[in-house]
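J.: Here's a structure for you.
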Amino acid sequence: MSDQSNMFTQLMSGFSKLNLNERYQRLLELGALTKSEVQFLKNGGIKDIDLAEHLVENVIGYFQLPMGVATNFNINGKDYIIPMAVEETSIIAAASKTAKWVRSQGKITTRSLGKNIIGQIQIAKAKNFEASKDLILKNKEHLIAMANQVVKGLVARGGGVRDLEVRELDREDGSDDKMLVIHIYCDPCEAMGANLINQACEALKPQVERITGETVNLCILSNLVDTKLTEAIVEIHNIDPALGKGIEEASRFAIVDPYRAATNNKGVLNGIDAVLIACGNDWRAVEAGVHSYATRSGKYRSITEWKLEGTTLVGRLVAPIVVGTVGGVTKIHPTAQLGLRMLAVTSAEELAGVVAAVGLIQNLGALKALSTVGVVEGHMKLHATNLALAAGAGPEELLPVQIDLQNLLARVKRITLDDAKQILLNYRNNRNETQI
Ligand code: MEV
C-alpha cells in the first residue's frame with residue numbers, strides 16, 4: 001500500500017464512531033472538504049430559495065435528504081470518500097463495512113464499455129420504409145454533419161455525433177405498416193448528454209422529413225444506453241467457502257427469478273442512486289437504464305452476478321450508468337458541487353465507475369447478510385433510532401428510548417412504532433415520578 005493510501009486508511013479508521021465535528025475534522029485533514037464546505041454543511045446546506053425557483057416550478061421550499069460518506073472504498077487502486085444522499089437506514093453503513101472487507105482481502109476494478117449515447121427519431125408509419133431507409137443512409141454523412149453543427153461546443157471538446165442507423169420496428173397493432181426509427185450515436189464527453197442528444201435529434205427532424213417525405217413524430221434520447229456500459233468487478237480472496245457458496249446461490253436466485261431480481265436490483269440501486277443524488281446526477285435516467293438493461297434477454301434478471309472461483313469470490317455488474325461531471329445541476333447545486341469535489345473524479349467515466357462499484361458492493365453486503373444472519377436484526381437496530389424519533393423523543397430522551405428499544409429487539413426480534421411510543425411514555429412517567 002502507498003504512503004498516501006496508508007494515511008487515508010489511518011484517517012478513515014473508526015470514522016463511524018466519531019461525532020459530527022470529529023467527522024468534519026477528519027474530512028478536512030484529508031482534503032475531502034474545505035473549511036467553507038464544512039461551514040456550508042453546518043449551516044444546514046442550501047438555503048437560497050431563488051435557486052429552487054430557477055430549477056423547478058411552483059416552488060415552496062427544499063426537500064432535504066441526509067447525506068453521509070461511504071468509507072473504505074479503493075477502486076482501481078485509488079481511495080475514495082463517497083458522498084451518499086439517502087433516507088434509508090443502514091445503506092451507508094453496509095457499503096462502508098463491505099468495502100472494508102473487500103479492501104482487506106480483495107479489490108474493485110471498473111472499466112467503461114463504449115462511449116456513445118443514443119438518440120431516437122421516430123417515423124411512426126413509414127409510407128415507403130425501404131425508400132426512406134435508403135435515402136436516410138445515402139444522406140448519413142450530411143445528417144451527422146448537420147447534427148454536429150448543433151452541438152458545436154461538444155465537437156470542440158472532442159465529442160459529437162459519430163454514427164446513425166435505421167431500425168425497423170413491428171408496430172404490433174395488426175397492420176402491415178412499419179415504424180422507422182433512426183438511432184443517432186453521440187459521444188457526450190463529460191456530460192450525461194440528454195440535452196445535447198435531444199437538440200441534435202430535434203435539429204435533424206426537418207431535414208429527415210425533407211429527404212424522405214415522411215412525417216417525424218418523436219425526437220428523444222433513449223435511456224437504454226447499451227452502447228455506453230460500465231463494468232465493475234469485485235474479487236475477494238480466501239473467502240470462507242460456505243459464505244462464498246451462499247452468496248453464489250443468492251446470486252443465482254436473482255438471475256433466474258424476476259421476483260428476486262427486482263429486490264436484488266433494488267439493493268444495487270440503493271447504492272447507485274444515493275451517489276447519483278449526492279453528485280447532482282439524474283438517477284431516474286440511470287434507474288430506467290438499469291431496469292431496461294436487466295430485461296435485455298427477454299426476462300427481467302439481476303444486473304449483478306457472483307461466482308465462487310476456487311477460493312475467490314468474483315462479482316460482476318454491467319449496466320448503462322450514464323452520468324455527467326458537467327451539465328445538469330452539477331455546477332448549479334452547491335451540494336452536488338461539494339459531492340463531486342469530495343469524490344475527486346476527473347471524468348464522467350471515472351464517476352460512472354465509482355457509481356457501479358458502490359452498486360456492486362451494496363449488493364455484496366446485502367447478499368452476505370441475507371445468506372447468513374438476514375437483514376432484519378441489522379436494520380432493526382438502526383431502525384430503533386428512527387422509531388424513537390418518530391415516537392417524538394426529544395434530544396435527551398433519544399438515547400434511553402433507543403437503548404430500551406434495542407433491549408426489546410434482542411428479546412422479541414421485532415420492534416414497532418407502538419413499542420417506541422410505549423417506551424417513551426414509560427420513560428416520561430418514570431422521570432416524572434423521580435422528579436416528584
Ligand atoms: C433493502 O433496501 C435492500 C435489500 O432488500 C436488497 C436485497 O434483497 O438484495 C436488502
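Computed from the coordinates by the stated procedures, all read-outs in this text should not be read as laboratory data. Since we're looking at a predicted model, the values are computed, not measured. With ideal geometry, Cβ positions are generated from the backbone for all residues, glycine too; neighbour counts draw on all protein chains shown.
J.: Strictly over 28 Å apart at the Cα level, which of LYS17/LYS228; LYS17/LYS245; LYS78/LYS228 would you flag in this model?
T.: Numbers: LYS17/LYS228 39 Å; LYS17/LYS245 32 Å; LYS78/LYS228 23 Å.
Where the Cα-Cα span goes over 28 Å, the pairs concerned are LYS17/LYS228; LYS17/LYS245.
J.: Excluding same-chain residues fewer than 8 positions from LYS127, which aspartates and glutamates have a Cα within less than 20 Å of its Cα?
T.: Within reach: GLU165, GLU168, ASP170, GLU172, ASP173, ASP176, ASP177, GLU209, GLU214.
J.: Helix 194-212 versus the longest principal axis of the chain: what angle, 0 to 90°, nearest 10, using Cα atoms?
T.: 20
J.: Among 150-162, 260-272, what's the highest-first ranking by average C-beta atoms within 10 angstrom per residue?
T.: On the way: 150-162: 17.1, 260-272: 21.7.
Highest mean packing first, the order is 260-272, 150-162.
J.: So how tilted is helix 334-343 from the main axis of the chain? Cα-based, degrees 0 to 90, rounded to 10.
T.: 80
J.: Next question. What's the Kirkwood radius of region 301-397 in Å, using all Cα pairs? Don't skip to the answer; put the middle values down first.
T.: Details: mean 1/r = 0.0589 Å⁻¹.
For region 301-397, the Kirkwood estimate is 17.0 Å.
J.: So what is the orientation-averaged projected area of region 80-147, using the convex hull of its C-alpha atoms, in nm²? Before the final figure, lay out each step's value.
T.: Working: hull surface 39.4 nm².
That works out to 9.8 nm², a quarter of the Cα hull's surface.
J.: Go through the cysteines of the chain and tell me which have no other cysteine Cβ under 4.7 Å away.
T.: CYS186, CYS189, CYS279
J.: Along the charge dipole of region 80-131, pointing to its positive end and built from +1/-1 on Cβ of Lys, Arg, Asp and Glu, which listed residue (GLN105, ILE91, PHE129) has its Cα farthest out?
T.: Of the candidates, GLN105 comes out farthest on the positive side.
J.: Using packing as a proxy for protection, rank 212-219, 127-134, 81-88 so that the peptide with the highest average count of other Cβ atoms within 10 Å comes first.
T.: Working: 212-219: 17.0, 127-134: 15.4, 81-88: 21.1.
Per-residue mean Cβ counts within 10 Å order the peptides as 81-88, 212-219, 127-134.
J.: Still on this structure, please answer the following. How do 101-110, 46-55 rank on mean C-beta neighbours within 10 Å, highest first? Each step should come with its number before you reach the end.
T.: Details: 101-110: 17.8, 46-55: 11.9.
The packing order, highest mean first, is 101-110, 46-55.
J.: Now a separate question. Whole Å is fine, so just give me how far the alpha carbon centre of region 250-289 lies from that of region 156-207.
T.: Using only Cα atoms to place each centre, the spacing works out to 26 Å.
J.: Per residue and in cubic angstrom, what volume does the convex hull of the Cα atoms of region 117-222 have? Don't skip to the answer; put the middle values down first.
T.: Details: hull volume 8.5 nm³, N = 106.
Here the figure is 80 Å³ per residue.
J.: Among LEU389, ALA410, ASN429, whose Cα projects farthest towards the positive end of the dipole of region 376-435, with charges put on the beta-carbon of Lys, Arg (+1) and Asp, Glu (-1)?
T.: ALA410
J.: Just how many % of Cα pairs in region 376-435 lie over 18 Å apart, if you round to the nearest whole percent?
T.: Details: 451 of 1770 pairs.
So the pairs more than 18 Å apart make up 25 percent of the total in region 376-435.
J.: What does the convex hull of the alpha-carbon atoms of region 1-134 project to on average, in nm²?
T.: On the way: hull surface 60.0 nm².
If you wrap the Cα atoms of region 1-134 in a convex hull and average its projections, you get 15.0 nm².
J.: I've got another one for you. Return the Cα extents of region 24-95 along principal axes one, two and three, sorted largest first, each rounded to a whole Å.
T.: Projected onto its principal axes, the Cα set of region 24-95 covers 45, 28, 22 Å.
J.: If you line up the Cα atoms of the chain on their principal axes, what length do they span on each, largest first, in Å?
T.: 90, 55, 52 Å, listed from the longest principal axis down.
J.: Which angle from 0 to 90°, rounded to the nearest 10, does the C-alpha axis of helix 348-370 make with the longest principal axis of the chain?
T.: 50
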